[in-house]
Amino acid sequence: MKISKDIIEHVANLARLNLTEEEKSALASDMEQIISYVDKLNELDTSNVEPTNHVIPITNVFREDKAEASYPREKILANAPSSQDGCFKVPKIVE
Amino acid sequence: MELYELTVHELSDLIKEKKVSAVEITKSYLDRIEKIDSKVGSYLSVLGEDAVKKAMEVQEKIDKGEAKSPLSGIPVAIKDNICTEGIKTTCASKMLHNFVPPYNATIVKKLLDDNVVIIGKLNMDEFAMGGSTENSYFKPTKNPWDLERVPGGSSGGSATAVAANLTAFSLGSDTGGSIRQPASFCGVVGMKPTYGAVSRFGLVAFASSLDQIGPLTKDVTDCAIVLNCITGHDPMDSTSANVEYPDYTKALVNDVKGLRIGIPKEYMGEGINPEVRDAVLNAVEVLKKLGAQCEEFSLPLTEYAIPAYYLISSAEASSNLARYDGIKYGYRAEKYTDLLDLYKQTRSEGFGTEVKRRIMLGTYALSSGYYDAYYKKALQVRTLIKKGFDEAFEKYDIILGPTAPTTAYKLGEKVNNPLEMYLGDIYTVSVNIAGLPGLVVPCGFDSKGLPIGLQLIGKPFDESTLIQVGYTFEQNTDFNKRARIGGGL
């Protein structure tokens, strides 16, 4: 399958990546090679096969609804690239 | 004999007999790191003074009889994708180059409860994506057996630190072979436990349905001791299995009589290096002589495991890595036009080439119009691969084979060919896809003197049988002893 520049740009936007022209052409050729390899899976008939998301049969893991201490705010904000007045700081998003 | 050459259980005996202190042991390793690690590059951070201080505290507890675990006073080093409170955890990525976790991973907490001494954090492929540790943002790690060769990956720092006697044991993570393949390349013991046996809370997620933390050790006895500490149900990880976990040291029994061992013929055919093949066949002969019943059988879906693995793992990675947006922690780009551009610029500058490649592949496989053809298809093939193992385990107690098709290759040899690098995972990825435990022990050396690892695959939650077979093999051959020379450094 041909991976066009349009597809690369579409997927990069979905993945929130800005790619250089060089990266785009390298990724197109890498992905084309990898996708044509994984197309091998089509040799297998899976029409009546259930997909396995998780190998161990665990569903609906519940715990008691109990209030527990949360992390101190300053400890969480310590890793933030930018913070102000106890909040994460981001560029203005509302005009 | 230097202290750094000893195993966990040997050191533990000396501590109990009051022949050495935790402080002496920690200093022995720190000195060794100071001398050797500039050549190998196992560590991303070393806790010098802090580790010595911790060792003093632990020794006081030992003296008062308050620290009695076989791990008390033993130095450990941890892969840098496992969160350590107050200690930088970078995933070997620019994205997390300055990230200091505000909490400990559950396994770190368990280790600290047993009074281990953390001496440092270990290099890896960025976000655990790779098989050679060349994808680290900071530096490549070298194989101590030959410094021009890769240590394997992604837990390359974890394997080399044990192989070169730069720690008593280490923790790694394994999503498609990332503990077992470097263990094979470096001549150490490595275990990927059953999915759900070890809590993933605090392990930075790569592919959540495949990731598992496990130990890398100098021998099988140490592997059992560390497993005893780190396995167990954890309410903080909803995929953690709430089952009975045995005492794994009870499986340290020198006996394989009557055990049924299956060897998949697909693991021994095309693509395997003849020297690796011979070493595995020799291991089969050793186990046969000791009374095991060994026979070849077919796992016909082996060739589909890699394509299924790369779709599933990349899809999960693209979703897991969406959280790196430059807002709450980690790297943020300096120049951007608006919020959307902040996300994009941050991610473009913060992630390396291989990580971007996997995010792109995974996003593609999950995107509208391709989901059924790729992601769902891979999950269906996963069902078939798991069924193949279920059927095999009706006939065999364990499955035996090689870990990797080759021994360690040269740095730079495969770095520009992603698909070729992926194909090196052929014997390891199925184990993650099916959620099984896998143990690697040294089983030989090639003509260049590079180690070869034997892979033993078990039924879910039957790590004990793997330990028994691994231990028996270790006791009846001299490969472990020959591999225990610190890589010659």
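The values are calculated or read from the model by the stated rules, or taken from the named source; none is laboratory data. Since we're looking at a predicted model, the values are computed, not measured. Every residue, glycine among them, receives a Cβ derived from its backbone with ideal geometry; neighbour counts consider all protein chains shown. These area figures cover heavy atoms from the full protein model, side chains too; ligands, DNA and RNA do not enter into them. Shrake-Rupley method; radii C 1.70, N 1.55, O 1.52, S 1.80 Å.
Within region B:286-312, the set of residues being open to solvent by 20 Å² or more (accessible area, probe 1.4 Å) and touching a Lys or Arg at 6+ places or on another chain (Cβ under 6 Å) comprises B:GLY291, B:GLN293, B:CYS294, B:GLU296, B:SER298. Only one entry in A:PRO72, A:PRO81 is facing another protein chain (nearest Cβ under 7 Å) and either surrounded by 10 or more Cβ atoms within 10 Å (Cβ to Cβ) or not small (Gly, Ala, Ser) (or both), namely A:PRO81. Test A:ILE58 against the stated conditions and say whether it is open to solvent by 90 Å² or more (accessible area, probe 1.4 Å) and facing another protein chain (nearest Cβ under 7 Å). Against the criterion (open to solvent by 90 Å² or more (accessible area, probe 1.4 Å) and facing another protein chain (nearest Cβ under 7 Å)), A:ILE58 does not qualify. Pick from A:THR46, A:THR20: which is within 16 Å of B:ALA373 (Cα to Cα) and either open to solvent by less than 90 Å² (accessible area, probe 1.4 Å) or touching a helix residue (DSSP H, G or I) at 6+ places or on another chain (Cβ under 7 Å) (or both)? Every option except A:THR46 fails the conditions. Can you confirm whether B:GLY453 is in contact with a Phe, Trp or Tyr (Cβ under 9 Å, 6 or more places away or on another chain) and open to solvent by less than 30 Å² (accessible area, probe 1.4 Å)? For B:GLY453, the condition - in contact with a Phe, Trp or Tyr (Cβ under 9 Å, 6 or more places away or on another chain) and open to solvent by less than 30 Å² (accessible area, probe 1.4 Å) - is met. Taken together, B:ASN320, B:ASN282 contain a single residue that is within 30 Å of B:THR221 (Cβ to Cβ), among the polar types (S, T, N, Q) and more than 8 Å from every other protein chain (Cβ to nearest Cβ), which is B:ASN282. All but one of (1) over 30 Å from B:ILE15 (Cβ atoms); (2) assigned to a helix (DSSP H, G or I); (3) open to solvent by 10 Å² or more (accessible area, probe 1.4 Å) hold for B:PHE127; state the number of the condition that does not hold. Tallying (1) over 30 Å from B:ILE15 (Cβ atoms); (2) assigned to a helix (DSSP H, G or I); (3) open to solvent by 10 Å² or more (accessible area, probe 1.4 Å), B:PHE127 fails exactly one: (3). In this structure, B:ALA315 does satisfy being out of contact with any Asp or Glu (no Cβ under 7 Å at 6 or more places or on another chain) and either in a loop (DSSP other than H, G, I, E, B) or open to solvent by less than 30 Å² (accessible area, probe 1.4 Å) (or both).
Close Cβ contacts (under 6 Å, 6 or more residues apart or on different chains) running from residues in region B:73-101 that are closer than 19 Å to B:ALA317 by Cα and open to solvent by 10 Å² or more (accessible area, probe 1.4 Å) to residues that are at pLDDT 95 or above and not in a loop (DSSP other than H, G, I, E, B) comprise B:LYS94/B:GLY350. Picking from residues in region B:318-345 that are in a helix (DSSP H, G or I), in contact (Cβ under 8 Å) with a residue 24 or more places away in the chain and not small (Gly, Ala, Ser), the one that is most open to solvent (accessible area, probe 1.4 Å) is B:ASN320. The condition of being within 7 Å of another protein chain (Cβ to nearest Cβ) and out of contact with any Pro (no Cβ under 7 Å at 6 or more places or on another chain) holds for A:LEU27. Among the conditions (1) touching a residue at least 12 places away in the same chain (Cβ under 8 Å); (2) more than 10 Å from chain B (Cβ to nearest Cβ); (3) closer than 27 Å to B:LEU339 by Cα, the only one that A:SER4 does not satisfy is (3). Pairs meeting the criteria (first residue in region B:26-42 and open to solvent by 30 Å² or more (accessible area, probe 1.4 Å), second residue modelled with pLDDT of 95 or more, beta carbons under 7 Å, at least 6 apart or on different chains) are B:LYS27/B:VAL52; B:LYS39/B:LYS142; B:LYS39/B:LEU147. A residue that is assigned to a helix (DSSP H, G or I) and of a type in the set (A, V, I, L, M, F, W, C) can be found somewhere in region A:12-21. Scanning for something assigned to a loop (DSSP other than H, G, I, E, B), out of contact with any Asp or Glu (no Cβ under 6 Å at 6 or more places or on another chain), closer than 25 Å to B:THR383 by Cα and of a type in the set (S, T, N, Q), does region A:54-70 turn up at least one residue? Checked region A:54-70: at least one residue is assigned to a loop (DSSP other than H, G, I, E, B), out of contact with any Asp or Glu (no Cβ under 6 Å at 6 or more places or on another chain), closer than 25 Å to B:THR383 by Cα and of a type in the set (S, T, N, Q). No other residue among B:GLY196, B:GLY258, B:GLY177, B:GLY152 is open to solvent by 10 Å² or more (accessible area, probe 1.4 Å), at positive phi and of a type in the set (Gly, Ala, Ser) apart from B:GLY258. Out of region B:347-388, which residues are without any contact (Cβ under 8 Å) to a residue 60 or more places away in the chain, open to solvent by less than 20 Å² (accessible area, probe 1.4 Å) and more than 7 Å from every other protein chain (Cβ to nearest Cβ)? If the condition is that a residue be without any contact (Cβ under 8 Å) to a residue 60 or more places away in the chain, open to solvent by less than 20 Å² (accessible area, probe 1.4 Å) and more than 7 Å from every other protein chain (Cβ to nearest Cβ), then B:GLY362, B:ALA365 are the ones that fit.
Conditions (1) closer than 28 Å to B:ASN480 by Cβ; (2) more than 19 Å from the chain's Cα centre (by Cα); (3) in a strand (DSSP E or B), marked per residue:
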residue: B:ARG357; (1), (2), (3): no, yes, no
residue: B:ALA365; (1), (2), (3): no, yes, no
residue: B:GLN380; (1), (2), (3): no, yes, no
residue: B:LEU400; (1), (2), (3): yes, no, yes
residue: B:GLY412; (1), (2), (3): no, yes, no
residue: B:ASN432; (1), (2), (3): yes, no, no
residue: B:GLY453; (1), (2), (3): yes, no, yes
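A:THR52 fulfils the conditions (1) modelled with pLDDT of 95 or more; (2) surrounded by 12 or more Cβ atoms within 10 Å (Cβ to Cβ); (3) among the polar types (S, T, N, Q) except for a single criterion, (1).
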